[in-house]
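This report refers to the structure that appears directly beneath it.
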Amino acid sequence: MILTFLTLIIIFALGYSVSRFFLGRTVRIMEMAPIAAISGLTLTGYAILVLALLSKNLGFSVFLFFVLSGIFFLILLLRKLNNDILFYKKINFSALMQKLVKINWLELIFLLLFILLYLDLVSRTLVFQNNSFKVSVAGYGDIPFHMSQMSYFNNQQSFELKETIYSGTKLGYPFLINFLSSIFYKINHNYLFSFQLPSFILSISGIIMFYFLIMRLIKKKAARICAFLIFFLGSGLGFLRIINDVSFWSKNSLEEMLNYVLHLPYPIMSFYDAVYPNQNIIWTNILTMFLLHQRSSLFGIALGILSVFILYLTFKYKDRRMFYFSGIMVGLFPLANMHSFISLLVIAFSFFAVSVILKQKVLIVGFLKTIVTAFVVALPALFYLFLYQRTGSAGFIIFRLGWMTEKNGIGSVQYNPVWQNHLIEWLTFLWQNFGLFLPLIILSVIFLVLPIKKLEPNKKNLIWVLVLSATLIWLAVNVIKFQPWDYDNNKIIIYFVLAGALIIGLFFDSLHFTGANFLIIMLTFFIIISGVIDVFSRSSFASPQLYEIFGQNEQSVADWILKTIPEEQTILTADSHMNLLNSLAGRPVLLGYPGWLWTRSINYQERESSIKNILSGSLTAKDLLKKYNIDYVLIDPRELGNFYNFYNDDFFKQNYTLIYQLSDIKIYKISNN
């Protein structure tokens, strides 16, 4: 762990040096901590990726980068000490004590408690318990996928970017966070720790960074805290199910009522089986929906908050270096999270558009530089993701009116079969998913932009940027379906919520009448109550169940494969999302989980049909094994899934050699001669 600690110091030093160069002294020392962490991790990931692609060896690239970086920063440190050898005598302890006294301990304690709650939640996303990998319910579907990418980077001999869930194609999913986990694994060889470490650093840094952004914009403590909670915990009207629940009101004590709420027998969020006149609730809250198991999204949120902060500083100080730095940071998004890249381009454009309206030439030229720089920096990643060996594009960028309005879609709006116009059902869907949040944004905008309240010109200009950003993002997600499943537009809605939370916070900040704080707290309560219940029901307070995804047998089989079967040979498996070959051994599979493939518009149906024919031992099975150059077939009854009813064990027993068996997991050697 000493090497990991030294690595983190180098990463932080890199982020600090680069950020300080571009931002100068406009950023406070406390703000530099999350800025350095997020930018340092991002820059490190890209730098080592380039080295690995050139050298074809990830381990060597990690070693080379950190040795050279360590030497460089050591020289800088020695020069600093040489120039100021008695620097410690210059510390003004009196001034330091004055700063400590000025710290707002209420906000600090609140932020620390929130981070502790987050750590409690995220630590359950993936655990190693009783020799098994286990996940929370939120991570059951996604974590095995991210494990497959990390294991792929960990175990490949010659570094390449190949798709792990659809062999023979390039890696098309934004993989940077899983690549970062592999970098740490190469240093400490602790799988679980390396898997979680980037998530912890990025998410905590993003949380702190957002609060620093709020502190820059909002003066009142109550307004700051409420804006913060609205962004991370803002949710819909699922709590009304509890209010209408007779069982809840029949409890004999407050303790029993709280225990019931923590262990509800029904969901109040994330349910997809509503029947009209009820509506599905698919928007939960940003903390549990994106910062736990959606690793690409949590990277995007952290980097996105940092980018918004830098764009704000650029707008305020009009510094030439900042224009370029904001463009560089936005340009680094594509391999981290594509939805965030789209959203930040919209926000950057909003800064540019407001600058045009204000007729401020410095800002107009500056934000043009930002946007151009962003595209230049992003161009190699965009070329790789969208032009080089593209595996599928159907279902991307489809125009339609209204998010989740597709009939019979998973989680979509439920319609009255009698009505011809379905606007009411869609508005009801939005009301149940977002609750007071949407009307409160509208009220806040009316109050802030109309001449009801006098505001500082700079603050009013920023409000126009936030309003334009929120409007454009909201229009985009309601006019364009960016992926085959419309639900995935929620990754862009994040930034609508971010802008909306800041607008509401500024509105709260402008209220000064008697009882204003009470009103602010009550409005916030009804916006976040469903999210609060959701968060605590997943926490240690409720002791939620963990689900085993890979036990000791699966790990033993994966170890045997890594030691015995060369990575260039092809092993056929079924299509379960819990695939030991994929997630533990890191070997690309012919066909991964169809749900993952569908959301990325990969046409997998031919391979799916072929695997069914092979596993069933049909007349074409042997020809198909030759067609796909299959060297081995792995049979794991647990992961046969949809293929269980097709599997013909006698076909493999009679035609091929069983070379390995552990419990009910078998591996057959295929001879295609």
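The values are calculated or read from the model by the stated rules, or taken from the named source; none is laboratory data. Values in this document were obtained by computation on a predicted structure and should not be read as measured data. All Cβ positions, even for glycine, are placed from backbone atoms using ideal geometry, and neighbour counts span all protein chains on display. Heads up: the accessible areas ignore ligands, DNA and RNA and are worked out on the full protein's heavy atoms, side chains in. Shrake-Rupley method; radii C 1.70, N 1.55, O 1.52, S 1.80 Å.
Rg over Rh for region 579-631 works out to 1.00, both radii taken from alpha-carbon positions and Rh defined as the Kirkwood radius.
What's the local net charge at Leu640, with K and R +1, D and E -1, over the other residues with C-beta under 15 Å away? Please list the in-between numbers first.
On the way: positive: Lys612, Arg638, Lys666; negative: Glu554, Asp575, Glu608, Asp636, Glu639, Asp649, Asp664.
Summing Lys/Arg as +1 and Asp/Glu as -1 gives -4.
The convex hull defined by the C-alpha atoms of the chain has an orientation-averaged projected area of 34.9 nm².
Placing unit charges on the Cβ atoms only, positive for Lys and Arg and negative for Asp and Glu, gives the chain a dipole magnitude near 2920 debye about its Cα centre.
For region 536-673, what is Rg from Cα atoms divided by 2.2 N^0.38 Å, rounded to two decimals?
Numbers: Rg = 16.3 Å, N = 138, 2.2 N^0.38 = 14.3 Å.
That ratio works out to 1.14.
Quick check: at a probe of 1.4 Å, how many percent of the accessible area of region 533-604 sits on carbon and sulfur atoms? Present the calculation step by step, with values, prior to reporting the outcome.
On the way: 1260 of 2680 Å².
The value for region 533-604 is 47 percent carbon and sulfur by accessible area.
The residues of the chain expose, per residue, 44 Å² of accessible area to a 1.4 Å probe. Projected label points at Val137 and Leu262, each 7 Å from Cα along the beta carbon direction, are separated by 1.6 nanometres.
Think of the chain as having a plus end and a minus end, set by charges on the Cβ of Lys, Arg, Asp and Glu; of Asn629, Leu462, Ser123, Leu462 sits farthest toward the positive end of this dipole. Compared with the rule-of-thumb size 2.2 N^0.38 Å for a compact globular protein, region 302-448 has a Cα radius of gyration ratio of 1.33. What the Cα convex hull of region 390-539 gives, in volume per residue, is 177 Å³. The Rg/Rh ratio for region 411-462 is 1.24, where Rg is the radius of gyration of the alpha carbons and Rh is the Kirkwood radius.
Size descriptors for region 99-213: radius of gyration and Dmax over Cα atoms are 17.5, 61 Å. How much net charge surrounds His577 when only the other residues with a Cβ under 11 Å from the Cβ of His577 are counted, with Lys and Arg +1 and Asp and Glu -1? Net of charged neighbours comes to -3.
Please report the orientation-averaged projected area of region 515-578, defined via the convex hull of its C-alpha atoms, in nm². Can you show the working numbers first?
On the way: hull surface 34.6 nm².
Mean shadow area of the hull around the Cα atoms is 8.7 nm².
From a point 7 Å beyond the Cα of Val376 in the direction of its Cβ, which residues of region 316-352 have a backbone N at a distance under 17 Å? Once the point is set 7 Å along Cα→Cβ of Val376, 320-333 turn out to lie under 17 Å by backbone N, inside region 316-352. Of the chymotrypsin sites (Phe, Trp or Tyr not before Pro) in region 554-662, the ones in a loop by DSSP (not H, G, I, E or B) with at most 13 other beta carbons within 10 Å are Tyr644.
Its DSSP H runs of at least 4 residues, each contributing -39,500 (n - 2.57), put the calculated 222 nm mean residue ellipticity of the chain at -20000 deg cm²/dmol, to the nearest 500.
For region 157-242, which whole-number percentage of the solvent-accessible area (1.4 Å probe, protein heavy atoms only) is attributable to carbon and sulfur atoms? Each step should come with its number before you reach the end.
Details: 1350 of 2260 Å².
Within region 157-242, the accessible surface is 60 percent carbon and sulfur.
Using a Debye calculation, one point per C-alpha and no hydration shell, please list log10 I(q)/I(0) for region 608-673 at q = 0.16, 0.29 Å⁻¹ in order. The computed values of log10 I(q)/I(0) come out as -0.48, -1.55. Checking every one of the chymotrypsin sites (Phe, Trp or Tyr not before Pro) in region 171-263 against DSSP loop status and a limit of 10 other Cβ atoms within 10 Å picks out no site at all.
Can you flag which of Lys56/Lys627; Lys162/Lys491; Lys563/Lys626; Lys162/Lys407 are past 31 Å Cα-Cα? Working shown, then result.
On the way: Lys56/Lys627 29 Å; Lys162/Lys491 25 Å; Lys563/Lys626 25 Å; Lys162/Lys407 35 Å.
Pairs exceeding 31 Å: Lys162/Lys407.
P(r) for region 428-517, from all Cα pairs and a bin width of 5 Å, is 3, 13, 22, 23, 16, 11, 7, 4, 1, 0 %, short bins first. Taking the three principal axes of the alpha carbon atoms in region 234-333, the coordinate ranges are 64, 32, 23 Å, sorted in descending order.
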